[in-house]
Amino acid sequence: MNAPDAAFATTKAALIVDVWVDLFAAGLARSGALGNGLPVVLTDTLRVLPLLESQGPIGWIHTSPRHYQDHVLIAHGQPAPRLRVDAAQQPADASQMLRRASLCLVAVPAERDSAVAMAALAAKALQARASLLLFGMPQAGGWGAFDGLVRQGALQPVEAGGARVLASAGLAGALGDAGLHDADRAVALASQLTRARQADIHVERMDHAQLKLRLRIDPVLLAAAGSPTLAHHIAHEGRALFNSRGLGAMLLPWGAPCQARLLLRNVRARIDGSQIALGGQSLSPLAVDYTEHGAFLKLALPAVAPGRDALLHLSLPRDAVPNDGFCDIGAAEFTVETA
Amino acid sequence: MMDLSSTTPSTFAPSGLAAPRCLVVTFNRLVPADQGNSRRIMQLVRLYKNQGYEVDLLYHNEEGFDPALSHALAGEFARVNVVRSRAPKHIQPGHVCRIVDWYDRGLDAAARDMHRLRGYNVVHVNYVWYSPLFEQFGSDVVKVLDTHDVFGERRAKYTAAGMKPQWFSTSYADEDVALRRADAALAIQKEEAAELAARGHRNILYLPYVEPALRPFKPRGGDRPLTFGYLGSGNDWNILSMAEFLSKMQARGVPFPHPIVVAGGVCRHVRDGTGVIKLGFVQELHTFYDAIDIALNPMVGGTGLKIKTVEPLCYGKPVLTTLPGAQGLTHLWQMPMFDDNAALTDYLFDHFGRAGGSSALEELTASAATTRQALDAEYDGQVDRLASWLASRV
Amino acid sequence: MLSNADPGVRPAPAMAAGGRRRLYVFSPLPPQRNGLADYIVEYLPMLAEDFDLSLVAEVGRSGAAAAQFPGSPFEVLDEAAFLARQPERGAQVLYNVGNNGDCAYMLDHLHRFPGVVVVHDVSLFYMHQVALQMERSNGMFNHWVRDTGYEVPADFVARDGSLGRTPGLLYQECLMVRRIAESARGLMLHSRYAESRFRGGAFDIPLGAENGRPLARIPHFVLPPAPPAWDAYQVLQRFGIDTNDILLLVPGFLTGNKMLYEVLVAFSRACTGHPRLKLLFAGEERADEYAVSERIRQLWPDGDGPKVTGYLDARELDILLGRADLSFVLRYPTYGETSGILPRAVMGGGRVVTVDIGSYPEFESPLIDHVSIGAGLVDQLHASIESLCASMPKASDRAARRQVEAQRAESLSPRALYPRVRALLDAAWEAAP
């Protein structure tokens, strides 16, 4: 591989690290290694880990304010709020959650300020004997805040391609020589999850131990409500709703660059004029296919920039929005290549 | 009844600075809390909150769910999960219900996941057929069951009154198994607590239903005639009771010289021409109670919480009740009680058969105030017992 | 990884050179027929000079709004585009809020992305009500009301928490401003009356720069008078106005709170002694609020009574205001609004009678007389007509009066007021956590 290609591959690897983290953590949970403890994620941006969540509830601790309500599915129930604790507003709750954690995943922030609070929380997790895995871009400014933990010898580097990953000893051992990028492990896990109907994920092996993952996921797990009224409608209807003006937001799995196919339902007119935005970028669909089920929107999504919420915002044309109901996303599929 | 001397220290790790957490499980729609059972449940929610608990709700949706309720519950509870009810609720011949047929196993996974996320110190379920939920929690979680009623052979109370049994009624054996799953089972009436204790249960605590006093007990002023009133929903016990009472009153052959106001869903079942003033559904209770001087409770029977016996005392009004209506409160009742509606009717005509009657009203009001004080004292005492017990276990 | 060169990806506009602070402005925008759209348009050129300006339109309106500003130095965004950029550390937000449904969309943003709020109407009850209706969430309203410190009597609340009935007093008393004050980084109100009521509605929220919420009282601007219309004579003829008539005018939409009946009674008393008097209701009738035409027919069955013009455009209304000898700008009840008609009436050069309640007394001019609401109102209105007839100003002096009022209004022009707006934005930025 020549130097530019290598650089590109390194950058790509760093951007899709949370895909590998999700695969690894889900495998750990499925194997029973986490016991009755709770997997906890420390983050300063809005993210979701759908494969780990297929194994049971996750606790999220945020070190920055968040502005959306997202949901998890309850067996035989209505969508319930995904449990996200604001570490600044609810420090006692955050501490209590960490005391019950068996695994703590730390999404190292892009900036140091946010990472200082996160490092203190990670230290609590270690005190509670939780296994710790830190991951992020190598150049993320937040790494410096964890130097203390590194110096204590509590964390070991893990092979992760272009990303930087540190893990506590037990986890590093579980990761093995292949490190985070264990394609065999990922393929096996995907097969298990699909057979057990815990997730609809298809993993295809590509060159050089790289993978192509296709995830189909209930869109309710990704719907992000910006207003309490919409959040309560989602909880009541159990659908990934747009609001009555046609505005909606969707969490993206992993934040990695991907191809997305979304089925928009109950739209009353063409949606070609929809506004679609991710970070500071406006997006146009690759294709819009109108069927009896609704409008299939095909998108090529860039990576979520470091330090940004993995949120895709959509607004539909006025005439596409019904007067007597809500549009929703009825199906969602994401395809990610790790190379 | 509950032996507080034999409490077992908790093995649950101390939670540090975070508030202790309680999970409340119910099928009742809690907002607005305008039914007896929802009001009782919210009484316990307030109790836990006053003890410093953070309270979550697992709502077993049998009474509807909508965005407004979602919003209202989010304001009351730290976390809310809603599970659609798929309980089969079979009623066997002879009107026998088995707890296994009324408990929804769909609650198990939701309860487990909530506990994994939140780490409860206490789980509080309502009604005996929810006790199987306790199996999802380890011995480190305190288990409280609010019985709301005695459901063992409850059908017999209906048949004794000549009515068809309604709703849940189980065997004593089934109910005993359910009660034994709880660390503490709350009884809403002292008689019920005694009955359950007599069946060998040592984890019973009597906790009466009390709501805050909203009006003082003070003499009536103004030019309004002395007015009697009855407020009740349209359930079978109320319909039967009201019909019998009015029948007895009419049988006297002379009109009662004071207005009798009837309010609530029972109005739909009160015939016209019976000499009462029907208000229908009353949105704000104080508008009814402020318009009357003496509340009537002519119950011929019934089970569980007798909210109409307690509620007038919150509005500063005395209550004339039959014994079935006072069940659970007879040990502290200071006002007259009547064996049946015939005796109640006799009392009314004897003491209020002529215009006036203010001195009798003053005596009744004083007795009502004393009753309220006794009820408050008893409630405070029982709350202290429950709180102490919880503190020793959590 | 996709690059910006890939199809379907368009990067956000780069920050403007010179390091100007980015300002997002939420507002109804042209072509929406909304006074708030007209209001913000007057400040846009100045804001665009000082800020890297982005207007945020309600979903579905950004395209039409952008088309109104071709070649402008600011962008018009959709809500989705705004949200995708957040959080944006170097940016400030301004919310142009009034008590109408076009502002309801801002409720989804102003609590999450706090900014400076221009409060055009001190009661925002109707706006909240419409917002919940639009979101099909009427059942939440009683809880929203309670959150702002009010309790709606239970008789008006349905079991699901929605308002079954909404007595008019609720719109007066239940301002629904507390949460907005709590979230705001700065506040602008237009009058002393509005400020005092707002402070009452935000009863437990500390206001002021020292509390991170600088509050500025900045009057609603007054636009310069319209140039003389070439067809004024024809317009007046169309409405039957002769040179010798003493014209009494009730300008604007004929809503139920403009005391139309009281004006009719006062006129009916005065016109018997002054046959040259003519009363014109210059605006669109709202018969469901007050059937003024029907009432006129009853009081003047011969058809020689006052006239109702029907809808007038701004130019026609200015012609009539420029001719009126006495305009009635009456309101009861008032919702704390700042009248746009009052300064226009005064700049027409004729005398103006207005009420002494709400913010109406705060617009000052020697051409204005105030009347008190109450039992004696008709007598006061009658007296003002008699007073006019007793000392009719010369028509030739009208131009001078208009000139004086135009000069007075210059201090209330958008450009004259803008430095205070800028100062508030800067104070809010400095005070932000």
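In the stretch B:202-230, the residue that is modelled with the lowest pLDDT out of those that are more than 21 Å from the chain's Cα centre (by Cα) and surrounded by 17 or more Cβ atoms within 10 Å (Cβ to Cβ) is B:226.
Which of the residues spanning the stretch B:16-50 are within 14 Å of chain A (Cβ to nearest Cβ) and hydrophobic (A, V, I, L, M, F, W, C)? Selection gives B:17, B:18, B:19, B:23, B:25, B:27, B:31. Name the single residue, out of those in the stretch B:290-339 being more than 19 Å from residue B:363 (Cβ to Cβ), touching a Phe, Trp or Tyr at 6+ places or on another chain (Cβ under 9 Å) and among the acidic types (Asp, Glu), that is surrounded by the fewest Cβ atoms within 10 Å (Cβ to Cβ). Within the stretch B:290-339, the match that is surrounded by the fewest Cβ atoms within 10 Å (Cβ to Cβ) is B:290. No other residue among B:46, B:39 is farther than 16 Å from residue B:118 by Cα, charged (D, E, K, R), under 21 Å from the mean Cα position of the chain (by Cα) and at pLDDT 95 or above apart from B:46. Elements of the type strands (runs of 3 or more DSSP E) sitting completely within the stretch A:67-147 and holding at least 1 residues that are out of contact with any Ser or Thr (no Cβ under 9 Å at 6 or more places or on another chain), crowded, with 20+ Cβ neighbours inside 10 Å and acidic (Asp, Glu): these cover A:69-72. If you go through the stretch B:258-289 and keep only what is touching a Pro at 6+ places or on another chain (Cβ under 9 Å) and either aromatic (Phe, Trp, Tyr) or exposed (fewer than 13 other Cβ atoms within 10 Å of the Cβ) (or both), you end up with B:275, B:284, B:289.
Scanning the stretch A:309-325 for residues that are out of contact with any Lys or Arg (no Cβ under 7 Å at 6 or more places or on another chain) and more than 9 Å from every other protein chain (Cβ to nearest Cβ) gives a single hit, A:323. With respect to residue C:315, is the statement that it is in a loop (DSSP other than H, G, I, E, B), in contact (Cβ under 8 Å) with a residue 40 or more places away in the chain and of a type in the set (D, E, K, R) true? Answer is no for this residue. For the stretch A:222-257, the tally of residues that are modelled with pLDDT of 95 or more, away from chain B (no Cβ under 14 Å) and closer than 24 Å to residue A:308 by Cα stands at 13. Against the list (1) part of a loop (DSSP other than H, G, I, E, B); (2) within 14 Å of another protein chain (Cβ to nearest Cβ); (3) farther than 16 Å from residue B:234 by Cα; (4) among the β-branched types (Val, Ile, Thr), the condition residue B:282 fails is (3).
Look through the stretch C:318-330, keep the residues that are part of a loop (DSSP other than H, G, I, E, B) and out of contact with any Asp or Glu (no Cβ under 8 Å at 6 or more places or on another chain), and return whichever of them is surrounded by the fewest Cβ atoms within 10 Å (Cβ to Cβ).
C:325
Scanning for something over 27 Å from residue A:305 (Cβ atoms), part of a strand (DSSP E or B) and touching a helix residue (DSSP H, G or I) at 6+ places or on another chain (Cβ under 7 Å), does the stretch A:205-221 turn up at least one residue? Within the stretch A:205-221, one or more residues are over 27 Å from residue A:305 (Cβ atoms), part of a strand (DSSP E or B) and touching a helix residue (DSSP H, G or I) at 6+ places or on another chain (Cβ under 7 Å).
Filtering the stretch C:340-371 to residues that are farther than 21 Å from residue C:173 by Cβ, among the hydroxyl-bearing types (Ser, Thr, Tyr) and outside any strand (DSSP E or B) leaves only C:365.
Restricting to the stretch B:137-162, and then to whatever is hydroxyl-bearing (Ser, Thr, Tyr) and not in a loop (DSSP other than H, G, I, E, B), can you tell me which residue is nearest to residue B:108 (Cα to Cα)? Looking at the filtered set, the residue picked out is B:158. When the criteria are applied in full, residue C:303 fails the requirement of being out of contact with any His (no Cβ under 9 Å at 6 or more places or on another chain), touching a residue at least 24 places away in the same chain (Cβ under 8 Å), part of a loop (DSSP other than H, G, I, E, B) and exposed (fewer than 14 other Cβ atoms within 10 Å of the Cβ). Those residues that are on the phi > 0 side of the Ramachandran plot and within 14 Å of chain A (Cβ to nearest Cβ), I need them from the stretch B:77-133; list them, please. Once the filter is applied, which keeps residues that are on the phi > 0 side of the Ramachandran plot and within 14 Å of chain A (Cβ to nearest Cβ), the stretch B:77-133 yields only B:119. Looking only at the stretch A:270-308, which residues are crowded, with 18+ Cβ neighbours inside 10 Å, in a loop (DSSP other than H, G, I, E, B) and over 20 Å from the mean Cα position of the chain (by Cα)? The answer is A:271, A:274, A:285.
So that you can scan it fast, the table gives a plain yes or no per residue for (1) crowded, with 24+ Cβ neighbours inside 10 Å; (2) in contact with a Pro (Cβ under 7 Å, 6 or more places away or on another chain):
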| position | (1), (2) |
| --- | --- |
| A:193 | no, no |
| A:202 | no, no |
| A:212 | no, no |
| A:253 | yes, yes |
| A:262 | yes, no |
| A:268 | no, yes |
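Of the residues making up the stretch B:51-76, those that are within 14 Å of chain C (Cβ to nearest Cβ) and out of contact with any His (no Cβ under 9 Å at 6 or more places or on another chain) are B:63, B:64, B:73, B:76.
Sub-9 Å Cβ pairs linking a first residue in the stretch A:174-192 that is basic (Lys, Arg) to a second residue that is not in a helix (DSSP H, G or I), at least 6 apart or interchain, are A:185/A:176; A:185/A:178, ordered by first then second residue. For the stretch A:86-99, a tally of residues being facing another protein chain (nearest Cβ under 10 Å) and either free of Cβ contacts under 8 Å to residues at least 12 places away in the same chain or within 22 Å of the chain's Cα centre (by Cα) (or both) returns 7.
The values are calculated or read from the model by the stated rules, or taken from the named source; none is laboratory data. Keep in mind that what you see is a predicted model, and the values were worked out from it rather than measured. Neighbour counts are summed over all protein chains in view; Cβ atoms, including those assigned to glycine, are modelled from backbone coordinates with ideal geometry.
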